[in-house]
1. Kindly provide the set of residues from the stretch 1-25 that are under 56 Å from the mean Cα position of the chain (by Cα) and either within 17 Å of LEU120 (Cα to Cα) or in a helix (DSSP H, G or I) (or both), ordered by number.
2. Please verify whether GLU319 is surrounded by fewer than 23 Cβ atoms within 10 Å (Cβ to Cβ), of a type in the set (Asp, Glu) and touching a residue at least 24 places away in the same chain (Cβ under 8 Å), treating the condition exactly as stated.
3. Looking only at the stretch 70-93, how many residues end up being open to solvent by less than 80 Å² (accessible area, probe 1.4 Å) and under 59 Å from the mean Cα position of the chain (by Cα)?
4. Does any residue in the stretch 249-275 that is buried (at least 24 other Cβ atoms within 10 Å of the Cβ) come within less than 9 Å, Cβ to Cβ, of a residue that is acidic (Asp, Glu) and assigned to a helix (DSSP H, G or I) six or more places away or on a different chain, and which pairs are these?
5. If a residue has to be free of Cβ contacts under 8 Å to residues at least 60 places away in the same chain, in contact with a strand residue (DSSP E or B) (Cβ under 8 Å, 6 or more places away or on another chain) and open to solvent by 50 Å² or more (accessible area, probe 1.4 Å) to count, how many in the stretch 282-301 make the cut?
6. How many of the residues in the stretch 155-197 are in contact with a helix residue (DSSP H, G or I) (Cβ under 6 Å, 6 or more places away or on another chain), hydrophobic (A, V, I, L, M, F, W, C) and either free of Cβ contacts under 8 Å to residues at least 12 places away in the same chain or within 24 Å of LEU293 (Cβ to Cβ) (or both)?
7. Out of all the residues in the stretch 337-390, which are within 21 Å of ARG159 (Cβ to Cβ) and not hydrophobic (A, V, I, L, M, F, W, C)?
8. Go through (1) touching a residue at least 60 places away in the same chain (Cβ under 8 Å); (2) surrounded by fewer than 17 Cβ atoms within 10 Å (Cβ to Cβ) for PHE329 and report which single condition fails.
Amino acid sequence: MTSRTERILIIDADEKARTDLARYLEARGFYVTGYPDLASAKALFDDNIPDIIFADLSPEVIRDLANRLEEAETFTPIVVCSSSGSSTDVVGALRAGAADFVLKPCNDDKGALDDVIEKLFDRVRVNRLNQLYRQELEEANRDLRDGIAELRADQRAGRKVQLRMLPEREQVMSSLRIDHLIKPSLYLSGDFLDYFRISDDKVLVYIADVSGHGASSAFVTVLLKNLTNRLQRNLRRGSSDDILYPDRFLQRINSELLDTGLGKHVTVFVGIISVSERKLQYAVGAHFPMPILSFEGGETAFLEGSGLPVGLFETPEWEVYEVPLDKPFHLTLFSDGILEVIREKSLDEKEQTLLELVSGGRHTIAALSEALNLEEITELPDDIAIVSVTDTMDGSDNTSSK
């Protein structure tokens, strides 16, 4: 018969019974070893634990053997071989930890013995496969935990980079007080904003929302910051004045995004405020909701305008809009994530609520955050970005937080 890899141990003080059973099992192709007692078989447990044990031992010794096998975390069943078939002996052996019980001489009923062996080996194979799968699962879980820990570390580092790319809060530029807030839904934000002086009396402010979430969207925000820095340097060197024109600014972002091949697009609002000329020029790259412009003691309304998203089309064009700023004003920019935290159901109702908040004096970041309970929300459905611009000309600096 073809040799098998399973190992069987026989522990029996009766040499004849031990030899007869060993011969039968060897004839069946098993690798068999035999010992007269547990003490002489001890070395085998240190080196190579068997797959099945046939033993003629007392219940106390069976219990000790079963405990030893359990401590070794092996699935080795014990078959008690006994000349006594009394129910008391059978129950005692099974309670001690035996998997089965056969009467001696064990190989008299070869069919029954074969059934016991086959059943036990099936159990051994299943248990050991389960053990293998459990080990593989534990290793996979360890690898996964390590990978998640590394990813979180990378995301925290990326978050620090993003925060450092943002402008300083509560800046005053050419009589404009500007502040912002960004709350990402994940570690990294797909929303981005910036504001900076482009001449003695002109300030550029923009807000952008990159399609999608996570690292790939956050990468685009790095591209935006890099581009605006280059455009500012070009203006200082006199090599390009694209940054002075909202539509050309969007065209530069568009070409940069297409060149990356990331398949990402951006919705953008970019505005240039001229303090001396008291006007706002802006372009819209499918951004929503539109910024809210409010005048002291006057009207509060969403700005008008529309335009194509940035990063989808080869040669898009954007219209430049202009609004006079003949009174002290507040300009508030939002990303669309702000609408997700407003409880009203319809889009019109959400926009109306946002308009009422601003018209009611909620101009500052702190006031808007309090009104919308942003600090208490731990899991956001989308990134949120807000920029507030307050005109401080002639001492007008209404920062009411009522």
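1. Step one: list which residues in the stretch 1-25 are under 56 Å from the mean Cα position of the chain (by Cα), which gives 1-11, 25.
Correct list: ARG4, THR5, GLU6, ARG7, ILE8, LEU9, ILE10, LEU25.
2. On the way: surrounded by fewer than 23 Cβ atoms within 10 Å (Cβ to Cβ): yes; of a type in the set (Asp, Glu): yes; touching a residue at least 24 places away in the same chain (Cβ under 8 Å): yes.
The answer is yes for GLU319.
3. Going through the stretch 70-93, the residues open to solvent by less than 80 Å² (accessible area, probe 1.4 Å) turn out to be 72, 74-82, 84-86, 89-93.
After this cut, where a residue has to be under 59 Å from the mean Cα position of the chain (by Cα) as well, the list is 72, 74-81, 89-93.
Of the residues in the stretch 70-93, 14 are open to solvent by less than 80 Å² (accessible area, probe 1.4 Å) and under 59 Å from the mean Cα position of the chain (by Cα).
4. PHE249/ASP242; VAL270/ASP247
5. Total meeting the criteria: 1.
6. 2
7. Filtering the stretch 337-390 for residues within 21 Å of ARG159 (Cβ to Cβ) gives 337-338, 340-341, 365, 369, 374-387.
The answer is GLY337, GLU340, SER369, GLU375, GLU376, THR378, GLU379, PRO381, ASP382, ASP383.
8. PHE329 satisfies all of (1) touching a residue at least 60 places away in the same chain (Cβ under 8 Å); (2) surrounded by fewer than 17 Cβ atoms within 10 Å (Cβ to Cβ) except (2).
The values are calculated or read from the model by the stated rules, or taken from the named source; none is laboratory data. The structure displayed is predicted, hence computed values, not measured ones. Don't worry about glycine lacking a Cβ; one is built from the backbone with ideal geometry, like all the others, and counts go over all protein chains shown. Keep in mind that these areas ignore ligands, DNA and RNA; they rest on the heavy atoms of the full protein, side chains included. Shrake-Rupley method; radii C 1.70, N 1.55, O 1.52, S 1.80 Å.
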